[in-house]
1. When B:Val44 is evaluated against the numbered criteria (1) of a type in the set (A, V, I, L, M); (2) within 18 Å of A:Gly16 (Cβ to Cβ); (3) touching a strand residue (DSSP E or B) at 6+ places or on another chain (Cβ under 7 Å); (4) away from chain A (no Cβ under 14 Å), which criterion, by number, is the only one it fails?
2. Search the range A:171-189 for residues being touching an Asp or Glu at 6+ places or on another chain (Cβ under 8 Å) and within 14 Å of another protein chain (Cβ to nearest Cβ), and hand back the single one that is modelled with the highest pLDDT.
3. Which pairs have Cβ atoms under 6 Å, sit 6 or more apart or on different chains, and link a residue in the range B:177-192 that is not assigned by TED's automatic domain parsing to the domain that holds B:Tyr220 and loosely packed, with under 11 Cβ neighbours inside 10 Å to one that is of a type outside the set (A, V, I, L, M, F, W, C) and at pLDDT below 85?
4. Could we say that A:Glu68 is more than 30 Å from B:Arg49 (Cβ to Cβ) and either of a type in the set (Asp, Glu) or out of contact with any strand residue (DSSP E or B) (no Cβ under 7 Å at 6 or more places or on another chain) (or both) here?
5. Please enumerate the residues belonging to the range B:201-248 that are more than 22 Å from A:Val228 (Cα to Cα) and hydrophobic (A, V, I, L, M, F, W, C).
6. Can you confirm whether the range B:49-58 contains a residue that is without any contact (Cβ under 8 Å) to a residue 60 or more places away in the chain and either in contact with a Gly (Cβ under 6 Å, 6 or more places away or on another chain) or outside the structural domain of B:Val149 (by TED's automatic domain parsing) (or both)?
7. Of the numbered conditions (1) out of contact with any strand residue (DSSP E or B) (no Cβ under 7 Å at 6 or more places or on another chain); (2) in contact (Cβ under 8 Å) with a residue 24 or more places away in the chain, B:Gln244 satisfies every one except a single condition; which is it?
8. Quick one: which strands (runs of 3 or more DSSP E) lie wholly within the range A:71-168 and hold at least 2 residues that are of a type outside the set (A, V, I, L, M) and either buried (at least 22 other Cβ atoms within 10 Å of the Cβ) or assigned by TED's automatic domain parsing to the domain that holds A:Val228 (or both)?
There are 2 protein chains.
Amino acid sequence: MSVSIRIVLVNTTHPGNIGGVARAMKNMNFDELHLVAPKKFPHVNADARASGATDLLENAVVHETLEEAIADCQIVVGTSARGRHIPWPVVDPRELASIVGPLSAEKKVAVVFGREDRGLTNEELHLCHYHVHIPSNPDFSSLNLAAAVQVITYELRMADLYAENNEEVKPQWGTDWDIDLADSADLERLFTHMEEALVDIDFLDPENPRQLMPRLRRLYLRALPDKVEVNVLRGILTATQKAQKPKD
Amino acid sequence: MSVSIRIVLVNTTHPGNIGGVARAMKNMNFDELHLVAPKKFPHVNADARASGATDLLENAVVHETLEEAIADCQIVVGTSARGRHIPWPVVDPRELASIVGPLSAEKKVAVVFGREDRGLTNEELHLCHYHVHIPSNPDFSSLNLAAAVQVITYELRMADLYAENNEEVKPQWGTDWDIDLADSADLERLFTHMEEALVDIDFLDPENPRQLMPRLRRLYLRALPDKVEVNVLRGILTATQKAQKPKD
């Protein structure tokens, strides 16, 4: 893979699953494993299930928060079951591979996997540009964590292997971008600033925020803004705040 | 899947893996599990890893020999590492799905998985029409048994789902949006309004507009906004205009 792919596991309960994920990743030739507040790690069960991929476990980076784990990533993809209350761009693993595969080597992509029993929270999902859904049996939809990582990394590897034999595929927005994509930390600063400005101009009621910020996050994340665009948007927010009349 | 697919496990050592296979199969909506001389079955570890797919374990058919397990199948596919001594038709999982997917419902296909430590014997592989190879990392090529079944059944399910939907063109974000996309007139009204508001807050100098509006158009158009999103953005612009202090 030319692009750098980070697998992020959030709050994993069973260390055996972390080992299974490491094995699945190494089988597909990925090696960047990040863990957010795992329940038990390191652990003998992780080593056992890793079955020779213990190097990935030794090099795994442990974080306190998801925000920290994805701060330097330009594209963040969260795994999700169907039917969230606010629709987000959802791709299947093959579509994900077609988006991510053509990106250049400097781009950092994170694919984030949630807890064994209840996945990612809505707040965590709203940090993501895309959601990826493995089209499983609706009556028995929850894959084992390592199995889900296996499917996603398999698709990414297949896209890479198939792309080697093809002409270059263009990124989905159909242009060669001249400027670096914003990373997750840039975008979080933008959304914090946006929320402040919207409160300042009385458009957002902090007592009753409804789904305004998730809707705006979804819109801007979908566009994969670059760093200059984020600066322009923040400039507009600053100008909006400066231009307002003093509160009564 | 119109065609009937049987998963056959040969001489599995760890009953936990049989459970993991059952779960992977049920996740992908397959239910026909056949076991050739499993070391320990039934077993509590199989039930535990099956995690709700115990119906597949209860209905699993146990055979003494592989020949017996595949006797009524028209197409038999054996999973294989690379480089067997005698070349055989080898497909990857996607090619397998493209071969098997279009077959009619009367056809029976078996996909055969070997032992955890050494796969299928040459004699067993020679019972197969095709060999399927998961293109794993050559330096770490052996997948967990349940992970291998997950990849193969995922590909078979994807072929089935894509075949059902190949009429439909999906929007770029791969989901059915709940709201109509904004049309060009909506978007032009948005950009006109945006330009006015940016002049009002002194962010855009009409005497020297530079590339600001083209940059913003490019950003918003890329996201393919829907009608509600355009209304939210226009609401923000109106609130921005209302909140501003009178010009000197």
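1. (3)
2. Among those residues, the one meeting the criterion is A:Ala182.
3. As it stands, the answer is B:Asp178/A:Pro87, since those pairs meet every condition given.
4. For A:Glu68, the condition - more than 30 Å from B:Arg49 (Cβ to Cβ) and either of a type in the set (Asp, Glu) or out of contact with any strand residue (DSSP E or B) (no Cβ under 7 Å at 6 or more places or on another chain) (or both) - is met.
5. Result: B:Val228, B:Val230, B:Val232, B:Ala239, B:Ala243.
6. Going residue by residue through the range B:49-58, those that are without any contact (Cβ under 8 Å) to a residue 60 or more places away in the chain are B:50-58.
Cutting the leftovers down to either in contact with a Gly (Cβ under 6 Å, 6 or more places away or on another chain) or outside the structural domain of B:Val149 (by TED's automatic domain parsing) (or both) gives us B:50.
Yes, the conditions are met somewhere in the range B:49-58.
7. Against the list (1) out of contact with any strand residue (DSSP E or B) (no Cβ under 7 Å at 6 or more places or on another chain); (2) in contact (Cβ under 8 Å) with a residue 24 or more places away in the chain, B:Gln244 comes up short only on (1).
8. A:75-79, A:130-132
The values are calculated or read from the model by the stated rules, or taken from the named source; none is laboratory data. Given the structure is predicted, the values throughout are model-derived calculations rather than measurements. Cβ atoms come from the backbone with ideal geometry, glycine included; neighbour counts cover every protein chain shown.
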